[in-house]
Amino acid sequence: MFYTKIIEKIRTDSEECILFHSATGKDSIMLCDLLAKKFNKVICVFMYIVKDLSFENRYIDYAKKKYTNIEFIITPHYCLNSFIKYGYLGIKKDETIKKNRISTINEKIKITTNIKWTAYGFKKNDGLTRRIMLNRLEEGICYNTKKFYPVMDLKNNDVLRYIKDNDLIEPFKYSNDRPSSGCDISQPLFLKYLKEKYPNDLKKIYEQFPFCEAILFRYENK
């Protein structure tokens with residue numbers, strides 16, 4: 001089913017929806033544009049690894065300015081609890097903290113906002129696990145969990161073409177050698193990019209994940 005038909009089908013059931021928005025990623029940029037044009041209200045959920053990074057805020061501010069019918073909920077990334085539990089990359093360790101899941105965050109936001117449908121930017125070509133999951137769905141919609149996946153059949157070039165054709169902000173990219181994963185704190189190329197372009201963001205990452213400094217040091221002195 002074409003992505004517009006998936007959205008239109010959900011729109012007949014609700015005037016509002018939730019979108020898990022990565023801020024900087026191409027799928028989220030496209031999907032936010034599609035949903036903002038169809039729904040009266042879109043709640044964008046942004047999950048951060050390190051709070052208040054300017055390279056991510058640039059995209060959030062862009063979306064807020066462009067679409068008057070969207071709101072952002074800023075919340076810790078579901079994997080952050082696991083990082084803390086195991087002291088990942090030197091973050092302050094707390095073994096008593098419980099692991100979190102994206103479904104748990106989603107359910108809490110549904111209760112808070114009283115919105116029943118949630119959109120995700122998952123695509124089949126993101127990997128084998130995603131392909132298997134999405135192939136099980138009926139026309140890109142999971143009616144039991146009230147989740148829908150409008151861009152699931154698109155290729156990366158399809159998404160980039162939509163962004164270009166609609167004159168949207170270009171997705172974040174820190175390297176031509178690998179796809180961007182947003183705040184990718186374990187990747188030296190990402191840390192190097194921040195050092196050159198967003199040094200204050202790198203400082204915040206070091207404060208929370210001090211071992212990241214060693215990653216970049218080894219990369220620059222290999």
* Just for region 22-40: of the residues that are outside any helix (DSSP H, G or I) and touching a residue at least 60 places away in the same chain (Cβ under 8 Å), which one is surrounded by the most Cβ atoms within 10 Å (Cβ to Cβ)? -> A23
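Can you tell which of K123, K147, K164, K155 is without any contact (Cβ under 8 Å) to a residue 24 or more places away in the chain and either surrounded by fewer than 13 Cβ atoms within 10 Å (Cβ to Cβ) or under 21 Å from F46 (Cβ atoms) (or both)? Lay out the reasoning, then the answer.
Details: K123 fails: without any contact (Cβ under 8 Å) to a residue 24 or more places away in the chain; K147 fails: without any contact (Cβ under 8 Å) to a residue 24 or more places away in the chain; K155 fails: without any contact (Cβ under 8 Å) to a residue 24 or more places away in the chain.
Step by step, each of K123, K147, K164, K155 is checked, and only K164 is without any contact (Cβ under 8 Å) to a residue 24 or more places away in the chain and either surrounded by fewer than 13 Cβ atoms within 10 Å (Cβ to Cβ) or under 21 Å from F46 (Cβ atoms) (or both).
Has region 129-140 got at least one residue that is under 17 Å from the mean Cα position of the chain (by Cα) and in a helix (DSSP H, G or I)?
Checking region 129-140: at least one residue is under 17 Å from the mean Cα position of the chain (by Cα) and in a helix (DSSP H, G or I).
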* Asked: Any idea which of (1) within 14 Å of C44 (Cα to Cα); (2) touching an Asp or Glu at 6+ places or on another chain (Cβ under 7 Å) is the one I74 doesn't satisfy?
  -> (2)
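Does E139 fit the bill of being of a type outside the set (A, V, I, L, M, F, W, C) and within 27 Å of Y88 (Cβ to Cβ)?
Values: of a type outside the set (A, V, I, L, M, F, W, C): yes; within 27 Å of Y88 (Cβ to Cβ): no.
The answer is no for E139.
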* Structure fact -> By residue number, the members of region 76-117 that are free of Cβ contacts under 8 Å to residues at least 60 places away in the same chain, over 20 Å from S186 (Cβ atoms) and in contact with a strand residue (DSSP E or B) (Cβ under 6 Å, 6 or more places away or on another chain) are none
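Having 1 or more residues that are not assigned by TED's automatic domain parsing to the domain that holds S22 is the bar; report the helices (runs of 4 or more DSSP H) wholly within region 151-222 that clear it. Talk me through it step by step, then tell me what you get.
Details: elements: 156-165, 188-197, 199-208, 212-220.
Result: 188-197, 199-208, 212-220.
The values are calculated or read from the model by the stated rules, or taken from the named source; none is laboratory data. Bear in mind that the values here come from a model prediction, so they are computed numbers and not experimental data. Because the Cβ atoms are built from the backbone with ideal geometry, glycine has one as well, and the counts that use them run over all protein chains shown.
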